[in-house]
Amino acid sequence: IADAMERLQGQSTSNPSSISQQAALRALTGDPGPAREMRRRFAARRDLVLARIARIRGVRLTPPEGAFYVFPDVSERIRAARSGVKDAAGLCDFLIDEAKIVCVPGSAFGMEGHIRLSYAIGEQEIDEGLDRLEAALDRL
């Protein structure tokens with residue numbers, strides 16, 4: 001039974017859906033203006049995040065080369081923590097409780113001591129979130 005289920009599943013879920021195929025076709029053949037504008041806006045958000053994080057004591061950041069995430073190195077702040085935080089997962093728990101910031105521990109990506117932050121939000125929300133991040137790190 002498992003072999004038959006595997007053959008069926010492999011044929012029904014291993015290809016892009018027709019909706020995804022049509023969306024890709026439209027993206028490749030349609031007006032490139034909206035995509036250019038989106039790329040410009042994401043570049044501005046990335047630059048905002050890079051500039052803001054560069055000003056946070058004890059946090060280092062390598063500029064991302066793609067996607068809309070940054071992985072700041074917060075290991076120095078974790079080592080200096082007096083709150084019981086011992087690793088990136090603990091820091092993420094601390095940040096959601098103390099600053100209402102949702103992030104993912106870098107350990108999920110083989111990058112212990114880092115956290116993943118998304119900048120797929122508006123610039124006002126980025127500023128507010130980074131204000132809360134900095135204040136929470138100072139309470140760490």
Per-region count, region 2-53, residues free of Cβ contacts under 8 Å to residues at least 24 places away in the same chain and in contact with a strand residue (DSSP E or B) (Cβ under 9 Å, 6 or more places away or on another chain): 1
Listing of helices (runs of 4 or more DSSP H) fully contained in region 37-140 that carry 3 or more residues being on the phi < 0 side of the Ramachandran plot and surrounded by fewer than 19 Cβ atoms within 10 Å (Cβ to Cβ): 88-98, 123-139
Index of the failed condition, Arg116 passing every other in (1) under 13 Å from Pro72 (Cα atoms); (2) modelled with pLDDT of 95 or more; (3) out of contact with any Phe, Trp or Tyr (no Cβ under 8 Å at 6 or more places or on another chain): (3)
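The values are calculated or read from the model by the stated rules, or taken from the named source; none is laboratory data. A quick note: this is a predicted structure, and the numbers were derived from the prediction, not measured. A quick note on method: Cβ atoms are made from the backbone with ideal geometry, for glycine too, and the neighbour counts reach across all protein chains shown.
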